[in-house]
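Any read-out appearing in this document is the output of simple, stated calculations on the displayed coordinates, not a laboratory observation. Predicted model only: the values in this text are computed from it and were never measured. Counting neighbours? That spans all protein chains shown, and the Cβs are built from the backbone with ideal geometry, glycine included.
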Amino acid sequence: MPDFDRTKWDAKYADADFAPREPSTVLISLAKYLPRQGKAIDVAGGAGRNAIWLAQRGLDVTIADVSSVGLALAAARAQEAGVNLTTLCTDLEEEPFPTGPWDVIVSVRYLQRPLFAVYPQVLAPGGKLVAIQPTKSNLQRHEKPPADFLLRDGELPQLIQGLEIIHYAEGWLADGRHDAVLVATK
């Protein structure tokens with residue numbers, strides 16, 4: 001990721017009001033698929049809204065993000081919530097994916113297609129991948145994220161190799177976006 005992207009996200013997270021505190025409603029709706037113990041990683045988790053929710057459920061959570069400012073905000077919010085998070089400042093477009101094995105990988109609104117080939121390699125046996133990503137249909141109601149950061153309609157299941165898909169939905173979902181939502185297991 002170019003440095004200007006890191007700078008952009010650092011500037012956004014400098015305004016703590018920019019980053020919502022509440023976890024994704026869609027992620028919460030998938031709770032029945034997720035374990036309550038083990039190691040989890042929140043991919044490009046920003047200020048930690050989803051990572052904190054996972055930690056409150058009993059998981060040992062690492063949050064990986066390019067923004068040190070976002071990670072500092074996540075750590076402060078986790079402390080306020082009475083949970084521990086491990087923060088990892090990393091550029092997931094340039095650096096190797098954090099070593100697993102992971103019992104849960106959560107990716108919400110972060111599209112880096114090459115990572116879908118990595119996820120099966122770093123998931124523990126029985127581990128779960130949760131991916132929630134807007135599709136191009138989202139542009140019918142929202143101008144952001146732009147098309148380059150959106151899945152084609154129906155694309156997400158095609159990105160999954162070596163995992164068993166146990167839940168898939170696509171449409172206008174609880175967070176108000178046209179999302180593709182997938183839970184897969186190793």
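Within the chain, antiparallel bridges make up roughly 40 percent of the DSSP beta bridges whose residues both belong there. Exposed loop sites, defined as GluC sites (Glu not before Pro) outside DSSP H, G, I, E and B with at most 13 other Cβ atoms within 10 Å, are absent from the longest region of the chain, namely 1-92. Each Lys or Arg adds one and each Asp or Glu takes one away; over the other residues whose Cβ falls under 14 Å from the Cβ of VAL183, this sums to -1. Close amide H contacts of TRP102 (hydrogens built in the peptide plane, cut-off under 5 Å, sequence separation of 5 or more or a different chain): LEU123, ALA124.
In the range 93-161, what trypsin sites (Lys or Arg not before Pro) fall in a loop by DSSP, with at most 10 other Cβ atoms inside 10 Å? Passing both the DSSP loop test and the Cβ count: ARG141. Within straight-line reach of LYS128, meaning a Cα separation under 27 Å, sit the following lysines at least 8 residues removed in sequence or on another chain: LYS32, LYS39, LYS136, LYS186. Counting Lys and Arg as +1 and Asp and Glu as -1 over every other residue whose Cβ lies under 14 Å from the Cβ of ASP42, the net charge comes to +3.
Rounded to the nearest 20, the size of the Cβ-charge dipole of the chain about its Cα centre is 540 debye, with Lys and Arg at +1 and Asp and Glu at -1. Once the Cβ-Cβ distance of LYS136 and ALA174 is raised to the sixth power relative to R0 = 25 Å, the FRET efficiency obtained is 0.80. Straight-line cross-link reach from LYS8 at under 17 Å between alpha-carbon atoms covers these lysines, not counting any fewer than eight positions away in the same chain: LYS144.
Largest GNM mean-square fluctuation across PRO134, PRO120, PRO98, computed for the chain with C-alpha springs under 10 Å, falls on PRO98. Of the trypsin sites (Lys or Arg not before Pro) found in the range 23-52, those in coil by DSSP whose Cβ has at most 14 other Cβ atoms within 10 Å are ARG36. Quick check on the range 95-186: take the gyration tensor over C-alpha atoms, sort the square-rooted eigenvalues as a ≥ b ≥ c, and tell me if it's rounded (a/c under 1.5), prolate or oblate. In terms of gyration-tensor shape, prolate. For HIS167, nonlocal amide neighbours, meaning residues 5 or more places apart or on other chains whose placed amide H falls under 5 Å from its own, are VAL183. With the Kirkwood sum run over all distinct C-alpha pairs, the chain has a hydrodynamic radius of 16.5 Å. Between ALA51, ALA72, ALA131, the Gaussian network model of the chain with springs among Cα atoms under 10 angstrom shows the greatest mean-square fluctuation at ALA72. Residues whose amide H comes within less than 5 Å of that of VAL61, counting only those at least five positions distant or on another chain, are ALA40, THR86 (H built at 1.01 Å from N in the peptide plane). Placing dummy labels 7 Å off each Cα toward the beta-carbon, the span from PHE149 to ASP5 is 1.0 nm. Here the contact order of the chain, divided by its residue count and restricted to Cα pairs under 8 Å and six or more residues apart, works out to 18 percent.
Find which of TYR13, ALA169, PRO146 sits farthest along the positive direction of the dipole of the chain, computed with +1 on the beta-carbon of Lys and Arg, -1 on that of Asp and Glu, about the Cα centre. Positive-most Cα among the choices belongs to ALA169.
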